[in-house]
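The values are calculated or read from the model by the stated rules, or taken from the named source; none is laboratory data. No experiment lies behind these values; they were computed from the predicted model shown. Cβ: placed from backbone, ideal geometry, glycine included. Neighbour counts: every protein chain shown. Remember, those area values only see protein heavy atoms, side chains included, never the ligands or the DNA or RNA. Shrake-Rupley method; radii C 1.70, N 1.55, O 1.52, S 1.80 Å.
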Amino acid sequence: MSEVGVETDTPLYSFQAQDCRQLRSETSYLLGRMKESYTKHYGKLEADAIQQIKVYISEHSNEDISLDVLGQRVGLSPIYISKMFKEKLGINYIDFLTECRIDKAKKLLADPEKSIKEITFEVGYHEPNYFSKVFKKNTAVSPKEYRKSLFGKKGLAATKS
């Protein structure tokens, strides 16, 4: 029965049923085993899909990524992906995408040659002011303040955003 994704041990029937009651009992037992196997198999597929989505978002966080695009990548419906993210990771996909973008921005801010405007576009935002607002919301400091803290400049609290 592995062709339907359900593994079972052979022989399927542990004994020859002599009457309806035995047949019902054996059938119920087998269906229970098949359900367990299916649930286990489906759980592995779901975990793999989540991992694929996380990797894809991480690698493409600078692009506009929609649930539709993610669904096409892993063969799942956008609504199901949204639900799966919330249930399995405790975060919605937009928040995960934002975290990836902010993490990337933090790394890029370590390069003093890159302007904040360049970093804005490089991490997937279109407006520097919006990027700064999102960055500050997620890190409690502006990109400018964060950069200053990387280079050990004093007066972090006194700097203007």
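When the residues of segment 46-68 are filtered to those that are of a type in the set (Val, Ile, Thr) and either open to solvent by 60 Å² or more (accessible area, probe 1.4 Å) or under 10 Å from the mean Cα position of the chain (by Cα) (or both), the one that is farthest from residue 121 (Cα to Cα) is 50.
Each row is one residue, and each column tells you yes or no for (1) part of a loop (DSSP other than H, G, I, E, B); (2) at pLDDT 85 or above; (3) of a type in the set (Asp, Glu); (4) under 30 Å from residue 107 (Cβ atoms).
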| residue | (1), (2), (3), (4) |
| --- | --- |
| 7 | yes, no, yes, no |
| 23 | no, no, no, no |
| 34 | no, yes, no, no |
| 40 | no, no, no, no |
| 43 | no, no, no, no |
| 49 | no, no, no, yes |
| 68 | no, yes, yes, yes |
| 79 | no, yes, no, no |
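Residues in segment 69-89 that are among the β-branched types (Val, Ile, Thr), closer than 20 Å to residue 59 by Cα and either open to solvent by 100 Å² or more (accessible area, probe 1.4 Å) or touching a helix residue (DSSP H, G or I) at 6+ places or on another chain (Cβ under 8 Å) (or both): 74, 81. Helices (runs of 4 or more DSSP H) fully within segment 90-161 that include at least 3 residues being within 15 Å of residue 63 (Cα to Cα) and either at pLDDT 95 or above or open to solvent by 80 Å² or more (accessible area, probe 1.4 Å) (or both): 93-109, 116-122. Taking each residue of segment 83-94 that is of a type outside the set (D, E, K, R) and looking for partners that are part of a loop (DSSP other than H, G, I, E, B) with beta-carbon atoms closer than 8 Å, six or more apart or interchain, yields 84/76; 85/91; 85/92.
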